[in-house]
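The values are calculated or read from the model by the stated rules, or taken from the named source; none is laboratory data. Keep in mind it's a predicted model, so treat the numbers as computed, not measured. Note that each Cβ is placed from the backbone with ideal geometry, even for glycine, and that neighbours are counted across all protein chains shown.
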Amino acid sequence: MDLISIGRKANRPVQIGFAISGLTAAVLTGGFSIQGSAVYGDAPPKTDIIYTESNIATENGNTILGFQHDADGNLTPLPSFPVPTGGTGFIGAGGITDQNVISDPKRTRLFAVNEGSNSISVFDIKKDGSLSPVEGSPFPSGGVNPVSLGLAKDVLYVANRNKDSQNPTKDVSGSFPNYTAFRVTPKGKLIPIPGSTISGPTDSRPTQTLISKDQHLLFGLDRGVGELRSFQIRKDGRLRESPNSPQPVPASEFSGVPQSSVLGPGTPQATGLGLAVHPKVSILYVGFFTIDRLAVYSFDKVTGELTFLKTVPNSGKLICWFTTNKAGTRLYTSNPGDNSVSVYDIEQDPTTPVEIQNVKLKGSGGGANITLDRTESFLEVLGQGNPPNVADGNVLNVLKVNPTDGTVSEVSSSPVSLPSVDNSVPLGIVSK
């Protein structure tokens with residue numbers, strides 16, 4: 001399911017440029033380095049900032065993009081951005097991975113993948129939201145084609161996909177897809193943890209490294225072989241596979257069920273994509289995107305052993321990525337197949353989510369990665385373009401969250417256009 005064009009008639013996104021002394025083009029192609037600016041003293045830290053990465057695949061062309069939103073959800077590019085990651089993005093991977101950009105819980109450090117150069121960039125986040133690369137960044141990812149990051153205390157976990165079906169020429173000889181771990185020093189340096197790497201089958205294509213709320217478990221999904229992974233996080237940072245992991249998605253749920261109407265031929269039927277954990281109870285949500293259904297699993301909070309419970313319908317197409325509110329009353333899903341967002345009630349019974357709203361997003365992209373801002377006032381969705389007009393669909397959509405019932409409505413200034421170079425699509429989204 002990478003990026004699928006389904007012939008949507010698009011609204012035109014708002015065009016916001018990046019005016020940085022006339023050198024925007026140089027920044028976007030990796031030929032320019034921006035230094036952190038100004039002294040901020042005791043000014044309170046900004047908490048209304050959104051980060052994503054351009055994923056530009058020219059050598060050293062990847063950049064971090066930063067936006068600030070006002071009380072109405074209007075986005076403005078931050079003046080010190082884009083910020084080069086020091087690495088290279090990757091064409092052909094849009095829409096099929098999550099947690100490409102993450103921050104620590106205090107929002108003082110940012111981590112980002114560079115898929116094309118097999119590295120991880122690490123930045124200190126200043127009070128005004130600007131970024132400063134830590135010494136030694138970027139760091140080797142411990143594999144080929146890093147796609148997802150998860151942080152448990154001072155250990156960073158990386159999923160290295162190793163290859164992509166759209167780029168068979170990528171050299172992956174002598175390597176395998178893997179999950180691996182790094183100790184994060186107080187200064188942000190990444191130190192590989194010996195014996196932490198767990199490899200998978202050649203065509204496993206891991207998509208996510210999801211950490212449980214208590215930081216004792218890691219969940220992954222190997223899309224290529226249709227298997228869920230569950231790991232215990234040991235005290236030394238290494239991973240121990242849970243008793244029934246890897247676990248194939250239940251074939252019975254797919255038997256006799258037609259594939260999503262927007263999928264092309266040859267897409268594996270029994271597979272999944274997005275993962276989210278309930279913030280209060282031991283429930284894991286999984287997107288069975290090929291049949292437009294949301295799956296529900298329970299898990300043992302000590303061993304990580306998974307138990308499949310049920311699936312519930314999703315009225316969107318290609319249900320992919322999720323986020324929940326802190327109270328555990330609402331689950332939000334992005335559905336890139338029809339560029340929509342769904343809202344589920346998970347308050348009454350977390351094991352039986354009830355879809356209460358489906359909203360079509362403005363713009364011509366497909367909504368992918370998704371996040372709530374820190375105040376949970378806005379839902380931000382990263383849109384990714386479809387060939388042949390990729391740039392038209394690279395956007396940020398902003399939706400206002402109704403504080404009464406958790407439903408959403410897109411703000412009038414949304415969406416905001418994001419840069420594209422040689423058909424690049426942005427990856428990952430995180431709020432500060």
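A count restricted to region 268-286 and to residues that are among the small types (Gly, Ala, Ser) and either buried (at least 23 other Cβ atoms within 10 Å of the Cβ) or closer than 17 Å to ALA368 by Cβ (or both) stands at 3.
Of the residues THR352, THR333, which single one is surrounded by fewer than 24 Cβ atoms within 10 Å (Cβ to Cβ), within 20 Å of GLY272 (Cα to Cα) and touching a residue at least 12 places away in the same chain (Cβ under 8 Å)? Quick ask: steps written out before the conclusion?
On the way: THR333 fails: surrounded by fewer than 24 Cβ atoms within 10 Å (Cβ to Cβ).
Result of the check over THR352, THR333: THR352.
For region 323-341, filtered to residues that are touching a Phe, Trp or Tyr at 6+ places or on another chain (Cβ under 7 Å) and of a type in the set (S, T, N, Q), the residue that is nearest to VAL381 (Cα to Cα) is SER334. Evaluating SER132 against the criteria (1) surrounded by 24 or more Cβ atoms within 10 Å (Cβ to Cβ); (2) outside any loop (DSSP other than H, G, I, E, B) leaves one unmet condition, (1).
Residues checked against (1) surrounded by 23 or more Cβ atoms within 10 Å (Cβ to Cβ); (2) closer than 26 Å to LEU382 by Cα; (3) in contact with a Lys or Arg (Cβ under 7 Å, 6 or more places away or on another chain):
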position: PHE288; (1), (2), (3): yes, yes, no
position: LEU294; (1), (2), (3): yes, yes, no
position: SER298; (1), (2), (3): no, no, no
position: ASN314; (1), (2), (3): yes, yes, yes
position: TRP321; (1), (2), (3): yes, yes, no
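THR371 fulfils the conditions (1) out of contact with any strand residue (DSSP E or B) (no Cβ under 8 Å at 6 or more places or on another chain); (2) among the polar types (S, T, N, Q); (3) touching a residue at least 24 places away in the same chain (Cβ under 8 Å) except for a single criterion, (1).
Residues in region 68-85 that are over 11 Å from ASP48 (Cβ atoms) and part of a strand (DSSP E or B): PRO77, VAL83, PRO84. Among the residues of region 236-244, at least one is over 23 Å from the mean Cα position of the chain (by Cα), closer than 21 Å to ALA295 by Cα and surrounded by fewer than 21 Cβ atoms within 10 Å (Cβ to Cβ).
Residues in region 391-421 that are part of a loop (DSSP other than H, G, I, E, B), among the small types (Gly, Ala, Ser) and in contact with a Lys or Arg (Cβ under 7 Å, 6 or more places away or on another chain): how many? So that I can check it myself, show each step before the final result.
Step one: filter region 391-421 for residues part of a loop (DSSP other than H, G, I, E, B), giving 394, 402-407, 411-415, 418-421.
Subset that is among the small types (Gly, Ala, Ser): 406, 412-414, 420.
Still in the list and also in contact with a Lys or Arg (Cβ under 7 Å, 6 or more places away or on another chain): 406, 414.
So the count comes out to 2.
Matching residues to (1) crowded, with 23+ Cβ neighbours inside 10 Å; (2) among the basic types (Lys, Arg); (3) part of a loop (DSSP other than H, G, I, E, B):
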| position | (1), (2), (3) |
| --- | --- |
| LEU110 | yes, no, no |
| VAL113 | yes, no, no |
| GLY116 | yes, no, no |
| VAL122 | yes, no, no |
| LYS127 | no, yes, yes |
| SER137 | no, no, yes |
| VAL144 | no, no, yes |
| LEU149 | yes, no, no |
| LEU156 | yes, no, no |
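Among the residues of region 422-431, those that are surrounded by 20 or more Cβ atoms within 10 Å (Cβ to Cβ) and either among the β-branched types (Val, Ile, Thr) or part of a loop (DSSP other than H, G, I, E, B) (or both) comprise SER424, VAL425, PRO426, ILE429, VAL430. Residue count for region 363-379 under the criterion of being more than 16 Å from ALA276 (Cβ to Cβ), buried (at least 22 other Cβ atoms within 10 Å of the Cβ) and not small (Gly, Ala, Ser): the result is 1.
Note on region 298-309: residues that are farther than 11 Å from ILE283 by Cβ and either without any contact (Cβ under 8 Å) to a residue 40 or more places away in the chain or assigned to a loop (DSSP other than H, G, I, E, B) (or both) total 5. Does any residue in region 152-164 that is polar (S, T, N, Q) and at pLDDT 95 or above come within less than 7 Å, Cβ to Cβ, of a residue that is in a strand (DSSP E or B) and surrounded by 24 or more Cβ atoms within 10 Å (Cβ to Cβ) six or more places away or on a different chain, and which pairs are these? Short answer, once both residue conditions are applied: ASN160/PRO146. Any residue at all in region 310-321 that's in a loop (DSSP other than H, G, I, E, B), aliphatic (A, V, I, L, M) and closer than 19 Å to GLY220 by Cβ? Looking through region 310-321, at least one residue is in a loop (DSSP other than H, G, I, E, B), aliphatic (A, V, I, L, M) and closer than 19 Å to GLY220 by Cβ.
Take the residues of region 198-209 that are surrounded by fewer than 24 Cβ atoms within 10 Å (Cβ to Cβ) and either modelled with pLDDT of 95 or more or not hydroxyl-bearing (Ser, Thr, Tyr) (or both): which is nearest to LEU427 (Cα to Cα)?
Just the residues of region 198-209 that are surrounded by fewer than 24 Cβ atoms within 10 Å (Cβ to Cβ), to begin with: 198-203.
Okay, now just the ones that are also either modelled with pLDDT of 95 or more or not hydroxyl-bearing (Ser, Thr, Tyr) (or both), so 198, 200-201, 203.
Details: ILE198: 25, GLY200: 24, PRO201: 25, ASP203: 22 Å.
Per the criteria, the residue is ASP203.
Residues in region 392-416 that are farther than 14 Å from ILE50 by Cβ and buried (at least 19 other Cβ atoms within 10 Å of the Cβ): GLY393, ASN394, VAL401, GLY406, VAL408, GLU410.
Of the residues that sit in region 261-289 and are polar (S, T, N, Q) and touching a Phe, Trp or Tyr at 6+ places or on another chain (Cβ under 7 Å), which one is nearest to GLY220 (Cα to Cα)?
Restricting attention to region 261-289, the residues satisfying the condition of being polar (S, T, N, Q) are 261, 267, 269, 271, 282.
Still in the running and touching a Phe, Trp or Tyr at 6+ places or on another chain (Cβ under 7 Å): 269, 282.
Working: GLN269: 19, SER282: 16 Å.
The residue in question is SER282.
I'm trying to understand the selection: among the residues of region 373-390, which are among the small types (Gly, Ala, Ser), touching a helix residue (DSSP H, G or I) at 6+ places or on another chain (Cβ under 9 Å) and not in a strand (DSSP E or B)? Listed by number, the list holds a single entry, GLY385.
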